[in-house]
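No lab work stands behind these numbers, since they all come straight from the coordinates. Just so it is clear, the structure is predicted and the values come from calculations on it, not from any experiment. Cβ sites come from the backbone with ideal geometry, for glycine too, and all protein chains shown count toward neighbours.
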Amino acid sequence: MVEQLFGSKTRVKLLHLFYSNPNRSFYVREITRKIDEQINSVRRELANLLSIGIISSETNNNRLYYEVNQKYQYYPPLSAIFGGGQTTPGETKVAPDEDLHDIKTLGNVELALYTGQFTRDETSGIDFMVVGDVNPTQLTKFVAELEKKEGKEIRYAVMPYEEFVYRRQINDRFLGLVLAAKKQVLIDKQNMISPKPEKSKKKEKEEE
């Protein structure tokens, strides 16, 4: 049904990939591998999405990267259809990811995010951060599998929830760089860094 509505199977797969991974950048062969479609079909649909404005592109290290355009006029409704997460565009949008299920098996994960190589922002110095009560063995296994899938070494940081809170209170430089960097939030159970919904003035009056 969705394929009929949006024209092609490849296009639908691309929309799912981009809207489920806001702030993630992908190059053509990486996209082809992730959605399991022919490269010519992928190139054709990428050109279509680019011309409409649904995605944007940028060259980095002689490689062309694509990512979803969060300023696109119809980003919120398309995100609701293909992303499965919140519909408000922004740097800390919580969205489903193909690794989300595996991350949840690491333990009691309060926060997990991608940055660095995943979002092409090296200011944080890491690619993956997880906060919570995490099983070290499972984490090592997860990172190894992620490195194998991505074809690159993954720099990661892990810390207990209490340490995260403390570091944030003292304006820890490392944590500040991570939170200021371009990122994709995968899990944020307590809205630790995701924007909290604003209360209406009427609601605030009622609570006074």
Checklist outcome for this item: Using alpha carbon positions and the Kirkwood radius, the Rg to Rh ratio of region 2-82 is 0.93
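Can you list the chymotrypsin sites (Phe, Trp or Tyr not before Pro) in region 131-190 that are in a DSSP coil and have 11 or fewer other beta carbons within 10 angstrom?
Details: sites: F142, Y156, Y161, F164, Y166, F174; in loops: none.
Listed in order of number, the matching sites amount to none.
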Checklist entry - Can you give the charge dipole size of region 4-63 about its Cα centre, rounded to the nearest 20 debye, using +1 on the beta carbon of Lys and Arg and -1 on the beta carbon of Asp and Glu? => result 100 debye
Checklist entry - With each label point set 7 Å from Cα along the Cα-Cβ vector, what nm distance links Q190 and S8? => result 4.7 nm
Checklist entry - Does anything in region 7-32 have its amide N under 18 Å from the 7 Å Cα→Cβ label point of T59, and if so which residues? => result 26-29
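Set the Förster distance to 45 Å, then compute FRET efficiency between K152 and Q73 from the Cβ-Cβ distance, nearest 0.05.
On the way: r = 34 Å, r/R0 = 0.76.
In this case the efficiency is close to 0.85.
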